[in-house]
Amino acid sequence: MPSPAQLERLAQRLNAAENPVLVLGPEVDARHANGLAVELAERLRLPVWVAPSASRCPFPTRHPCFRGVLPAAIAGIAAHLEGHDLVVVVGAPVFRYHKYAPGRYLPEGAQLVHVTGDANEAARAPMGDALVGDVHATLGALLPHIEQRQRALPEPLPTPAAAENGDGRLAPANVFDTLDALAPEDAIYVKESTSTVEIFWERVGMRHPGSYFFPAAGGLGFGLPAALGVQLAQPQRQVIGVVGDGSASYAITALWSAAQYRIPAVLIILNNGTYGALRGFARHMAVNDAPGLDVPGIDFCALAQGYGVEARLADSREALASALQEGLAMDRPLLIEVPTLPT
Ligand SMILES: Cc1ncc(C[n+]2csc(CCOP(=O)(O)OP(=O)(O)O)c2C)c(N)n1
Ligand SMILES: [Mg+2]
């Protein structure tokens with residue numbers, strides 16, 4: 001725990017800030033401090049961002065204070081935090097920079113305070129003050145010192161419009177809208193489709209702690225086995241795996257475990273025929289002819305059947321809705337292969 005004097009000082013800075021902002025990371029969800037983060041946001045009436053490369057969902061995504069996930073790039077983070085005088089980061093590295101986009105680390109005039117249980121992350125942060133301690137205990141001890149602000153809550157984010165599908169291929173946005181409409185409101189998403197991260201966070205409501213798991217360090221092969229592991233650990237909640245075609249191949253043998261242990265997760269494979277995120281990087285780096293980025297010609301329904309898992313091909317929104325309803329009602333795994341458009 002930070003000392004009482006340190007906590008009081010942080011509360012003073014938050015109470016006195018003109019335009020503070022909260023950035024939350026995976027430790028908040030891991031320590032079940034989501035509810036405390038909501039209380040803090042409602043008391044201060046401030047916007048809440050999720051820290052870059054989110055591996056967990058620390059804050060309900062339909063809350064009016066929720067703003068989305070920060071980009072993993074120096075310049076992008078400063079641009080998103082423009083206008084704030086105090087940035088308080090709880091339970092995340094400061095920050096993860098995956099894409100090289102140089103610039104200011106923080107907008108002009110902004111100060112940063114980092115609250116984390118990870119002393120190494122506190123030491124690594126290139127800017128700001130750090131308080132090291134358990135994030136649940138720290139937020140709990142901080143809250144009584146925070147004054148209720150009288151201004152209105154931020155405006156909730158607008159609902160994004162439906163996207164254009166292709167011929168027999170769905171736009172990822174429409175896949176996620178279908179999920180959001182049909183999945184139980186406490187569904188757990190285990191996500192490993194790297195080119196659709198932003199679209200997913202915009203479209204899928206997540207309301208409860210432990211609703212989202214994404215590979216924290218980015219190493220592929222996590223999605224299918226993690227979906228099954230989480231489903232075994234949480235039999236009372238429905239797990240929905242959302243896995244890219246590229247990622248699925250890194251640990252496809254998870255399907256054997258799914259069949260043999262009759263693990264009732266729904267496994268959605270987004271088959272865009274490519275390592276989509278790498279195409280994004282190639283665009284970013286202006287490399288027009290990078291070879292080897294596509295992975296066409298994989299029949300995931302046949303693979304599933306080969307391992308003993310039932311499967312459906314969903315090449316329209318109706319087919320996806322009906323396969324999903326079927327999968328949600330089943331007491332064993334169902335794989336749904338969805339041909340999708342690249343982003
Ligand atoms: C073990 C491992 N190998 C390679 C990579 C590099 N990599 C990052 S994203 C990605 C593409 C994943 O493709 P897919 O699962 O189809 O998702 P999409 O980007 O198409 O949504 C690759 C190969 C990695 N992160 N981990
Ligand atoms: Mg892909």
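Some notes on this structure:
- Taking (1) modelled with pLDDT under 95; (2) touching a Leu at 6+ places or on another chain (Cβ under 8 Å); (3) part of a helix (DSSP H, G or I); (4) not charged (D, E, K, R) in turn, Ala248 satisfies each apart from (1).
- Filtered residues of region 260-282 (kept if within 8 Å of ligand 1 (Cβ to nearest atom) and either in a helix (DSSP H, G or I) or within 18 Å of the chain's Cα centre (by Cα) (or both)): Leu270, Gly276, Ala277, Leu278, Arg279, Gly280
- Residue ID - farthest from the chain's Cα centre (by Cα), chosen from residues in region 194-211 that are open to solvent by 10 Å² or more (accessible area, probe 1.4 Å) and among the polar types (S, T, N, Q): Ser195
- Per the conditions (1) in contact with a Gly (Cβ under 9 Å, 6 or more places away or on another chain); (2) more than 15 Å from ligand 2 (Cβ to nearest atom); (3) in contact (Cβ under 8 Å) with a residue 40 or more places away in the chain, the sole criterion not satisfied by Thr253 is (1).
- Checked against the criterion of being at pLDDT below 95, within 16 Å of ligand 2 (Cβ to nearest atom) and assigned to a loop (DSSP other than H, G, I, E, B), region 204-218 contains one or more residues that satisfy it.
- Among the numbered conditions (1) over 24 Å from Glu42 (Cβ atoms); (2) outside any loop (DSSP other than H, G, I, E, B); (3) open to solvent by 80 Å² or more (accessible area, probe 1.4 Å), the only one that Ala130 does not meet is (3).
- All positions within region 250-275 that are among the small types (Gly, Ala, Ser), surrounded by fewer than 24 Cβ atoms within 10 Å (Cβ to Cβ) and closer than 15 Å to Glu192 by Cβ: Ala251
- The single residue among Ala110, Ala92 that is over 16 Å from the mean Cα position of the chain (by Cα) and aliphatic (A, V, I, L, M) turns out to be Ala110.
- Verdict on Gly246 being within 12 Å of ligand 2 (Cβ to nearest atom), under 22 Å from Ala319 (Cβ atoms) and either of a type outside the set (Phe, Trp, Tyr) or buried (at least 18 other Cβ atoms within 10 Å of the Cβ) (or both): no
- Qualifying residue in region 319-328 (condition: more than 24 Å from Ala173 (Cα to Cα), assigned by TED's automatic domain parsing to the domain that holds Phe213, away from ligand 2 (no atom under 16 Å from the Cβ) and without any contact (Cβ under 8 Å) to a residue 24 or more places away in the chain): no
- Selection from region 95-139 of residues that are out of contact with any Ser or Thr (no Cβ under 8 Å at 6 or more places or on another chain) and among the aliphatic types (A, V, I, L, M): Ala101, Leu106, Ala110, Leu112, Val113, Ala119, Ala123, Ala125, Met127, Ala137, Leu139
- Selection status of Leu293, within 16 Å of ligand 2 (Cβ to nearest atom), open to solvent by 30 Å² or more (accessible area, probe 1.4 Å) and not aromatic (Phe, Trp, Tyr): no
- Test: residue in region 294-313 that is under 15 Å from Val242 (Cβ atoms) and touching a Ser or Thr at 6+ places or on another chain (Cβ under 6 Å): no
- Tally of residues being more than 15 Å from the chain's Cα centre (by Cα) and either among the polar types (S, T, N, Q) or open to solvent by 40 Å² or more (accessible area, probe 1.4 Å) (or both) across region 212-232: 5
- The set of residues in region 142-165 being open to solvent by less than 30 Å² (accessible area, probe 1.4 Å) and either at pLDDT below 95 or not in a loop (DSSP other than H, G, I, E, B) (or both) consists of Leu142, Leu143, Pro154.
The values are calculated or read from the model by the stated rules, or taken from the named source; none is laboratory data. The shown structure was predicted, so the numbers you read here are calculated from the model rather than taken from an experiment. Using ideal geometry, Cβ is built from the backbone for each residue, glycine included, and neighbour counts are taken over all protein chains shown. Just the protein is used for accessible areas: all its heavy atoms, side chains included, with ligands, DNA and RNA removed. Shrake-Rupley method; radii C 1.70, N 1.55, O 1.52, S 1.80 Å.
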